[in-house]
Amino acid sequence: MRWGMGRHRYRIEPRLYAVGSPEPDSPVLVTANYKMTFDVLRKELGGQNAWILVLETEGINVWCAAGKGTFGTEEVARRVKTTRLAEVVNHRSLILPQLGAPGVAAHRVREECGFSVVYGPVHAQDIPRFLMEGMKTTPEMRRVAFPVSERVALAPVELAGFLKPTAWVFLALFLLAGVGPWVFSPSAFLHRGLGASGVWLAGVLCGAVITPVLLPWIPGRAFSAKGGLVGGFFAACIVAFFWEALGVFQGMALLVALSVISSFAAMNFTGATPFTSPSGVEKEMRRAIPLQAAAVALAVILWVGSTFTG
Amino acid sequence: MEGFRYMDGVVTLQLEEVACVGCGMCQTVCPHEVFTMNRGKARILDRDACMECGACAKNCPSDALSVTPGVGCANYVIQSWLGGRKELFRNISKHANV
């Protein structure tokens with residue numbers, strides 16, 4: 001699931017579920033029908049007696065669904081009515097995950113279905129303490145962090161997203177690889193093609209994995225800048241190591257190419273973080289993409305041109 | 001959020017202090033402690049920590065807050081530049097009715 005395979009089918013039926021042996025006065029916790037989300041909630045509630053009201057979010061997790069509107073005011077009200085929750089519990093309170101807030105207008109839910117919304121903590125693991133303290137949160141429970149463990153967990157799905165583009169890039173690289181003053185040469189095709197493909201893969205690794213993992217420690221605010229730095233560093237190491245074999249033009253091409261690939265892949269990571277604003281991403285992209293396009297052109301010219309200088 | 005800062009001076013978050021009734025919902029739902037309550041009114045404490053998720057505007061009962069959150073996915077933004085994808089921004093403000 002962490003590789004992104006089958007995640008669109010990883011869902012459960014939206015309805016009322018029981019944890020333990022809930023009574024009419026047991027709390028009701030609302031969640032999404034993404035199976036991973038539900039499993040986490042159910043696990044953290046282990047040993048308690050509670051109701052879980054699962055919404056139809058099309059198999060999407062709470063925060064993303066809230067952003068899309070599917071974890072929303074209307075769906076909360078709808079699910080309360082279709083499950084006849086008012087006949088099951090004697091209170092009128094729903095505990096929603098805090099990250100459902102972008103989609104739910106808490107003050108409207110009561111008008112729609114008669115239940116009031118209380119926002120619980122961000123993380124399910126804090127729910128037992130939240131319940132025990134009488135539905136009180138600490139500031140830490142309401143804060144979203146981005147620790148290295150979560151950044152590492154994103155690496156597989158980031159890489160998986162590059163599979164299809166990589167296939168096309170390999171095609172283009174191998175075609176370009178054979179081009180030179182000899183018009184087309186099969187040995188250059190193989191030799192240079194493999195080298196360029198390696199540079200592409202190294203760039204993707206730098207931008208989609210290494211930059212995210214080292215994120216807060218890399219200088220620069222823009223992700224494209226951070227990615228460029230990481231890619232540039234690795235490229236410089238490679239060029240220094242293989243200086244003899246590469247020559248000036250191929251060396252420069254490698255430096256530029258690896259940096260820009262890493263820069264682009266890192267920029268792509270902005271959408272996977274819990275702290276970048278879309279306005280900021282758009283600002284960054286407006287500045288970065290023209291530079292990246294120019295860098296790609298430069299790298300290609302240097303690379304193909306290197307065959308003409310021997 | 002410690003250690004994680006992005007672009008400064010770009011967010012579209014707006015707070016109309018006159019309309020604020022001091023309920024504190026914005027502070028409750030914000031994942032990055034952008035708000036603080038001061039003398040019965042909400043105040044923006046850390047504007048550049050805002051990620052434009054829209055939770056505050058959505059949960060403000062007096063429509064004092066507005067944000068125009070986009071999608072924040074680089075791929076999506078590129079495609080919308082190229083192919084004119086609609087709904088790049090959903091305006092969550094006093095004019096929204098859900």
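The values are calculated or read from the model by the stated rules, or taken from the named source; none is laboratory data. All of these numbers come straight from a predicted model, not from anything done at the bench. Neighbour counts run over all protein chains shown; Cβ positions are idealised from the backbone, glycine included.
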| said: Among the residues of the range B:38-54, what is the count of those that are under 16 Å from B:Ala64 (Cα atoms), away from chain A (no Cβ under 12 Å) and of a type in the set (D, E, K, R)? | reply: 2
| remark: Going through the range A:47-61 in order, the residues found to be under 24 Å from A:Val88 (Cα atoms) and touching a helix residue (DSSP H, G or I) at 6+ places or on another chain (Cβ under 9 Å) are A:Gly47, A:Gln48, A:Ala50, A:Trp51, A:Ile52, A:Leu53, A:Val54, A:Leu55, A:Glu56, A:Thr57
| field | Test for A:Thr37: is it crowded, with 20+ Cβ neighbours inside 10 Å, away from every other protein chain (no Cβ under 14 Å) and part of a loop (DSSP other than H, G, I, E, B) | value | no
| request: Would you check if A:Leu258 is in contact with a Cys (Cβ under 9 Å, 6 or more places away or on another chain) and either within 14 Å of chain B (Cβ to nearest Cβ) or part of a helix (DSSP H, G or I) (or both)? | output: yes
| said: Would you confirm, using the coordinates I've provided, whether A:Leu201 is closer than 21 Å to A:Phe264 by Cα and free of Cβ contacts under 8 Å to residues at least 40 places away in the same chain? | reply: yes
| field | Subset of the range A:40-55 (residues that are in contact with a Phe, Trp or Tyr (Cβ under 7 Å, 6 or more places away or on another chain) and in a loop (DSSP other than H, G, I, E, B)) | value | A:Leu55
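Answer with yes or no whether B:Ala74 is buried (at least 16 other Cβ atoms within 10 Å of the Cβ) and at pLDDT below 95. Give the steps one after another, and end with the answer.
Details: buried (at least 16 other Cβ atoms within 10 Å of the Cβ): yes; at pLDDT below 95: yes.
Yes, satisfied.
Considering B:Ser62, B:Ser80, which residue is more than 7 Å from chain A (Cβ to nearest Cβ), at pLDDT 60 or above, surrounded by fewer than 20 Cβ atoms within 10 Å (Cβ to Cβ) and part of a loop (DSSP other than H, G, I, E, B)?
Values: B:Ser80 fails: part of a loop (DSSP other than H, G, I, E, B).
The match here is B:Ser62.
Table: residues versus (1) more than 20 Å from A:Leu159 (Cβ to Cβ); (2) among the small types (Gly, Ala, Ser); (3) free of Cβ contacts under 8 Å to residues at least 40 places away in the same chain; (4) within 14 Å of another protein chain (Cβ to nearest Cβ).
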position	(1), (2), (3), (4)
A:Val209	no, no, no, no
A:Lys226	no, no, no, yes
A:Val239	yes, no, yes, no
A:Ala265	no, yes, no, yes
A:Ser277	yes, yes, yes, yes
A:Glu284	yes, no, no, yes
A:Ile289	yes, no, yes, yes
A:Leu298	yes, no, no, no
A:Leu302	yes, no, no, no
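Conditions (1) in contact with a helix residue (DSSP H, G or I) (Cβ under 9 Å, 6 or more places away or on another chain); (2) surrounded by fewer than 19 Cβ atoms within 10 Å (Cβ to Cβ); (3) farther than 19 Å from B:Cys56 by Cα, marked per residue:
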{"position": "A:Gly72", "(1), (2), (3)": "yes, no, no"}
{"position": "A:Phe115", "(1), (2), (3)": "yes, no, yes"}
{"position": "A:Gly120", "(1), (2), (3)": "yes, no, no"}
{"position": "A:Gln125", "(1), (2), (3)": "yes, yes, yes"}
{"position": "A:Glu133", "(1), (2), (3)": "no, yes, yes"}
{"position": "A:Met141", "(1), (2), (3)": "yes, yes, no"}
{"position": "A:Pro147", "(1), (2), (3)": "no, yes, yes"}
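Have a look at B:Gly9, B:Gly3 and point out the one that is loosely packed, with under 14 Cβ neighbours inside 10 Å, part of a loop (DSSP other than H, G, I, E, B) and at pLDDT 75 or above. Break it down stepwise before answering.
Values: B:Gly3 fails: at pLDDT 75 or above.
Every option except B:Gly9 fails the conditions.
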| message | Take A:Lys164 and tell me if it is among the charged types (D, E, K, R), without any contact (Cβ under 8 Å) to a residue 12 or more places away in the chain and part of a helix (DSSP H, G or I). | response | yes
| Just to be sure, is A:Leu194 surrounded by fewer than 20 Cβ atoms within 10 Å (Cβ to Cβ), in a helix (DSSP H, G or I), touching a residue at least 60 places away in the same chain (Cβ under 8 Å) and in the same structural domain as A:Ala297 (by TED's automatic domain parsing)? | no
| Just a yes or no: is a residue in the range A:80-93 buried (at least 17 other Cβ atoms within 10 Å of the Cβ) and under 30 Å from the mean Cα position of the chain (by Cα)? | no
